[in-house]
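Notes follow the structure.
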Amino acid sequence: MSSGSFLKRALDRITHKRSIGFGLEYIGLMTLRFPRVVALTILAFSILAFSQIPRANVDGDLLRVYAHSGQYYDAYEHLSDTFGTFENDIYVLVNSPRLADPDVIEQIRSLAFDLELNDYAVGTMSPFTLRKPTADGGSVPAVPEGMLTTDEVAMALMDLQQNDPMMRNLITPDLTGVVLIMFPNQEKVREDGAKAMIANLRETIAPYQTDAISIELTGPPVWSSEMLNAAVDDQVKFTVWGFGLGSIIALLALRSFFGAIIVAATPFLAVMWSMGIILLTFGSFSFLTIIVTTLVLVISFAESMFFVFNWLAFWRDGMEPNKAVDATVKLVGPAAALTMLTTFVSFASLSLTPGQGIREFSMAGAIGTLLLFVCLMTFLPLLLKFAVRMGFKAPPKSSMVLTAPLPLAWFIASKFGRPVSIAAIIVTVLLLIPYGLIQPRFSFEDFVATNSTALTAAEEIDSGVGGVAPLYVRVPLTEMDPNVGAQDFEKIRKVHEIVEARLGENKVISAASMTNYTETGFTREEVFDAVGPFMRQRFVTDDGSQGLVTGFMPTIIESGVLKQLVSDLQSDLRAAGITDAEVGGFRILTTFATDDIVRGLQLDLTISVLVNLGLIGFAFQSFRVALASAIPNLFPVLGTEAWLYFTGQGLQLTTVIALTIAFGVAVDDTVHFLSHYLHSRRDEGLAHLDAVKHTLERIGGAIVATTIILCAGVVIVTFSELPQVALFGTLFVSTLAFAVIGDLFILPALLAAGGKFFHPLGKIGVRMADEDPTPDDPTADTHTTGPAATPT
């Protein structure tokens, strides 16, 4: 053979004389050729994956989502490293209608001291730990000990509430509530986990819960713990119910108990593989990556159903069942490979947006997608052949429920194909308008577990005292005085006043909060010594190079309101001549970084759509195929975004992720439809309209069944206690529900209306996998599977 001939053949295999699965279906062909070797490989890989399952855990840290996401994360990390911030603090809300009772106040004092001595505490702040400086250079408790009457207690608390700026944020105006703040030991928390710390704190406060005293814990660590618990519950619920619903639907679709077990076995193994490898790669799940297991489950069910439907169709048409497995691998394998690639692209495109959480989700989804395809091409063929050996009989034809829409779909395509196609194109083009106008939205409560008691307690603190959602202004200082020199103090005071003007009176603390003591003759050094070294670090760095002004916002604040607040603060600071101060905080990070991430994800969605349509066109070597697949898969995504736009919900973090992944999954049915249509045209010799009708009849029921499985499997996600996860499920299901309309009604209508435009597809030069002979193939000397392998 000449080198020129070899190069030409190699180029042909790369360009048009290749399978639509880009050769990935050879995994299935290897299974047919070397079943024992593949079986041993499956066993070894399963042992590796299953060995990781006992390590399964969920990291509820929301900061993991935003880590390394850009300038806002970098600014927050610098702020946290410098001052420690209040984002890790535990707030203990103590309410009592008898707060001024001497016995009650002493019980709360004991609680405050127990918190201070807790193994997880490095410090606390409360009216009971605060000390007032004395004239002799010492200090005394701000709340005197040994008070005997209600009036004494009330007067002491009112004095603090009215005259001490920091205590105004800890004592309610009506003297019915007090806030104790515990500063956790972060090293111990990382070692034992936030869950252990919170359990320990609940044990500490339990003895103080009485009819006269109610106590609630709140703060970011508690919210994260609630998210963690909800995420763990979700993992169990999603897996069990998703698997159960998929199995029931498979049972109803196939009308065979053992057939349903066969369909369900592959998703089960795919999920176990995915969980094991995700844990091996990342060490834990996040509240985003935990969704991947559900997606792998339902996508595996859908692909498994497609595979079994085709296998049974070959078998019912007279093919020996083992040969039917071979024929199914060769026919379905390339389409399954292409659908895997489109879903893989959708997941992979998310990695273009910065943020550790997004990239982990992207990688986990890509890993899961690849593993489910490998499982489909290796485990399922072996399982089917084992089932035949064990005496499995082909069940009766599928339920009429699955095929009920097909006559209507063909009637519309054959009689009204052109007007339906024109309407679909016009609607899809119009839906591009809200797609371009929709804006990002962030709401913190969407990340917190539904019915969160900690969130309720935080809102109560918001209404009564300072608040649990801090906003920080980092102020560079010039005098380098650890006790804050006069010039630096004046700068901090200006910033303090600016922030207080925006957030409200008594909602700000800083070194300027201590004027009530310094104005009575105490030096700032004496005041700082009185508050202690830990609290001192919350006002000024040890070297005096930076000061911190902390304002407390409402826990629940709309992203638009927060962004305007930050803009106003920055304008006020510039107007006051303070250009080097930096506004930051966790809420600032999440709001502004979410904007950047969501805009990046929206771009990822656009890229995913274009790449996947191009991939389909390249795989089939026809831009006509890409055009045929565009409208049925664009309008569900664009329609869902339009609904979000007109209802004012905007784009949230999981919104764009849901749409991106839903598009990648929705394309799967389109690929299977087009693959069967081209197979009917080229290898079975059917005319254009006959091929459309034959394809509808052949796999229409499978499309309905797989969509039902996908929607039913993911619908359980809508019941998540985490609103963002529930929203993901809602949008995913709605998009797929619209997508089945596109595949059953719009795609056939487009093909039928296209007529001459799609006629050349019958001569397309792309090979199908069923043209690759294997030793088990009785038609190994031909270029097609022959009449026996391609039943009509």
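The values are calculated or read from the model by the stated rules, or taken from the named source; none is laboratory data. A quick note: this is a predicted structure, and the numbers were derived from the prediction, not measured. Cβ placement follows ideal geometry from the backbone for every residue including glycine, while neighbour counts extend to all protein chains displayed.
Quick rundown of the values:
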| item | result |
| --- | --- |
| Residues within the stretch 219-249 that are out of contact with any Gly (no Cβ under 7 Å at 6 or more places or on another chain), of a type in the set (A, V, I, L, M) and farther than 30 Å from Leu455 by Cα, tallied | 2 |
| Cβ pairs under 9 Å, 6+ apart, first in the stretch 491-504 and assigned by TED's automatic domain parsing to the domain that holds Asp481, second of a type in the set (D, E, K, R) and outside any helix (DSSP H, G or I) | Val499/Lys507; Glu500/Lys507 |
| Hits in the stretch 15-47 - residues which are aliphatic (A, V, I, L, M), modelled with pLDDT under 85 and more than 19 Å from Thr369 (Cα to Cα) | none |
| Members of the stretch 203-221 that are within 17 Å of Leu111 (Cβ to Cβ) and either buried (at least 21 other Cβ atoms within 10 Å of the Cβ) or touching a Leu at 6+ places or on another chain (Cβ under 8 Å) (or both) | Thr204, Ile205, Tyr208, Ile215, Glu216, Leu217, Thr218, Gly219 |
| Gln564 without any contact (Cβ under 8 Å) to a residue 60 or more places away in the chain and touching a strand residue (DSSP E or B) at 6+ places or on another chain (Cβ under 8 Å) | no |
| Residue ID - modelled with the lowest pLDDT, chosen from residues in the stretch 671-699 that are surrounded by 24 or more Cβ atoms within 10 Å (Cβ to Cβ) and of a type in the set (Ser, Thr, Tyr) | Ser675 |
| Single condition Val65 does not satisfy, out of (1) surrounded by 21 or more Cβ atoms within 10 Å (Cβ to Cβ); (2) among the β-branched types (Val, Ile, Thr); (3) within 24 Å of Thr124 (Cα to Cα) | (3) |
| One residue from Ala642, Ala628, Ala662 being part of a helix (DSSP H, G or I), assigned by TED's automatic domain parsing to the domain that holds Met340, surrounded by fewer than 24 Cβ atoms within 10 Å (Cβ to Cβ) and in contact (Cβ under 8 Å) with a residue 60 or more places away in the chain | Ala642 |
| The stretch 349-371, residues that are free of Cβ contacts under 8 Å to residues at least 40 places away in the same chain and either within 17 Å of Gly276 (Cβ to Cβ) or touching a His at 6+ places or on another chain (Cβ under 8 Å) (or both) | Ala366, Leu370 |
| Residues of the stretch 272-300 that turn out to be under 21 Å from Glu721 (Cβ atoms) and among the β-branched types (Val, Ile, Thr), as a count | 7 |
| Residue count, the stretch 464-487 (criterion: assigned to a helix (DSSP H, G or I) and at pLDDT below 90) | 2 |
